Every structure is written in structure tokens, then in C-alpha cells.
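The values are calculated or read from the model by the stated rules, or taken from the named source; none is laboratory data. For clarity, every value in this text was computed on a predicted model and none was experimentally measured. Every residue, glycine as well, gets a Cβ built from its backbone with ideal geometry; the counts of neighbours run over all protein chains shown.
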Amino acid sequence: MSEDYVPKIGNRMGFIETVNDTLAVYRNVVEEKIDDPDLEIGFEEKMMCREAIEHIKHSDLYHLDDDFSEMLKEWADQYDDIGFTEMRLSKFTRPPSRLCYVRYASIETHLGNKDVQNIGLLTEYFEDGMTSVKACSPLSPPVVFGAYHPDKGIFFNSKDNPDDWDKGKKDAISNIILELAGCFELINNPRFVVSEAAGTRAQRKQMKREQNIPLEVWHKISWNVDETTVVANEKDGGGWRMPLHYTRGHPRKAEPHHKNVMYKDGKPYKWIEGFWSGHPAFGIKKGYHAPKIGKVA
């Protein structure tokens, strides 16, 4: 498969429908039940489809909707103008499970298409701290995007030097991987978000019967807007009744012998992690799509 391969565009589908269609199509591909010559793929792609089927079946599945898009972009923007291997990520960007499947609303915007692509990201966490990232879609074979490590930055699936890629390609893939890491930082912080079962119980039971996916692995992530979760005595940057906002991480001058030093223009720096402040019960700063105050339905 070409490294410039971009998944095909399809009409927007719901979270459970996308997982169902991806599995159904990939199974038809490996069982050679598709007669369309345009969908014929080779041995390597079929093996990747097989791996994706097993990956999805054993993953925790997470869906974040449009309400998170601008906040994730703000989170990723803190890494502007920092080299890919110089980026330092929070330890909370570790996936909550060894295998995850994640969908969030802004993936397709980075691929330069106005139409929605039904893309899920498959992640696998390894014991050395590396998290691999693949993309899958009902209309496309799986694609390896790259990986990230909190202390080593972002890595790409390329035999070439990523610095030789055109800016659009680098921006698209790096933003997708960064925002995925941001998804996990949010998911790992229950103070700001809550996880509830995705879809209806009937849908999940059907997926158990047809796709062998357990009922309990489906998660829909929503803003936690229950005001009772805010601790009144909390010290939160000048007042706990603040809207949710993210203070960006930034590099600070360091000495060469310091741990986890990164270099910019030949000078040593240490990454100071960003942090979340405030609470979505009081809105979300900078005009982000804030939910209404009250318990999540």
C-alpha cells in the first residue's frame, strides 16, 4: 500500500454502525466475498484486515463527539513549532486499555475532506510506553499512521525522513496522533468527563451476537457537567468556579544533565506539562461548545 494512501470517503455513520460495518467489510475481504475489482487488495492488506478484526474484537471502544473538537485542537496547538521527537506528553496520555478503538469528530478535517470519513483509530500500548496508531474504515484497508511515546515524541510510519514530507501530510498525521493523545488525557481524567455505555443495550447485545464484542467495552465520553463533582475548597488557579480551560505546556531552559532534556536550536530545554483547570459545569473557555449545566443524560 502506498504511504500516500488516504482512506476513501463515505457517508457519516453512528459509532456502533461504523464498528459493525468495518468488521463486516473486513471479514468479507479476508473471506474473498467481495466481487468489486476496485476493492481487491493483496496479501499484506488482507493480513492487516485480519489483525484489525481481532484488534477491534478485544478493544475498549471510545467515542467522543463534536463537543470535544475545539478543545482537542487547543490541546494539540501547544506543540506548534516543536520537533516531532522533541515533543513531551503527559503520562495521562497513556491509553486506558492495552487495545483501544477510538472515534472523535475532527479526524476527517485533518485529512482535507469536507465529507465525513468513518474512521476509527486502533491503538496498542506496549510495555516500554509506546502507543501505536492505525486507522481503519469500512471503505479502506487499515493504515498504520505511526506511534507516540510520552518521553520520546511522535513517530511516523515512513521509510523516508518525515522532514521530507510535504507540510500538509505532516500536519494531518501529527495532528491526528496528538489529538488522539489528548483524547486519552481527557478520558483518564474523570473530573472533567464521564463514560457511559454507547448506544442502546439492544444494539450492544446484537453486536455481541454478530461481532463477538462484549457489552461492557462500549464507551461514550461526555463532559462531566455535574456541579456536585467540584470541590469547593479546591485551589484552582485563582478560583474554583472557573470555566474549563487548558493551560498549555511549554519548554523551559534546562541543563544538559537534566532528565528528559530536548534540544531546540542546539540549546537544552525541559518540557513543563500543561494542565486542565476549572470545570465544564461553569462553561468551557474561549467559546467552545459547552453543554448545558446539569447531569449528563
Examine region 60-68 for a residue that is among the aromatic types (Phe, Trp, Tyr), out of contact with any Leu (no Cβ under 9 Å at 6 or more places or on another chain), under 21 Å from TRP276 (Cβ atoms) and buried (at least 17 other Cβ atoms within 10 Å of the Cβ), and state whether such a residue exists.
-> yes
Check PHE156 against each of (1) hydrophobic (A, V, I, L, M, F, W, C); (2) surrounded by 20 or more Cβ atoms within 10 Å (Cβ to Cβ); (3) under 22 Å from HIS63 (Cβ atoms); (4) at pLDDT below 95 and name the one condition it does not meet.
-> (3)
May I ask you to list the residues in region 117-136 that are surrounded by 23 or more Cβ atoms within 10 Å (Cβ to Cβ) and more than 19 Å from PHE15 (Cα to Cα)?
-> THR131
Within region 265-297, which residues are in a loop (DSSP other than H, G, I, E, B) and at pLDDT 75 or above?
-> GLY266, GLU273, GLY274, GLY278
Residue pairs qualifying under the 9 Å Cβ cut-off, at least six apart or on distinct chains, with the first in region 101-114 being at pLDDT below 75 and the second being among the acidic types (Asp, Glu), are LYS114/GLU108
Out of all the residues in region 181-218, which are in a loop (DSSP other than H, G, I, E, B), surrounded by 13 or more Cβ atoms within 10 Å (Cβ to Cβ) and touching a residue at least 24 places away in the same chain (Cβ under 8 Å)?
-> ASN188, ASN189, ARG191, PHE192, ALA198, GLY199, ILE213
Check on LEU89, at pLDDT below 95 and either surrounded by 15 or more Cβ atoms within 10 Å (Cβ to Cβ) or basic (Lys, Arg) (or both) | yes
Matching option when the condition is crowded, with 18+ Cβ neighbours inside 10 Å, at pLDDT below 95 and either within 24 Å of the chain's Cα centre (by Cα) or more than 20 Å from THR123 (Cα to Cα) (or both), among ASN28, ASN20, ASN11 | ASN20
Of the residues that make up region 46-60, is at least one among the acidic types (Asp, Glu), assigned to a loop (DSSP other than H, G, I, E, B) and under 19 Å from the mean Cα position of the chain (by Cα)?
-> no
Residue by residue through region 188-243, note down the ones that are modelled with pLDDT of 85 or more and among the aliphatic types (A, V, I, L, M).
-> VAL193, VAL194, ALA197, ALA198, ALA202, MET207, ILE213, LEU215, VAL217, ILE221
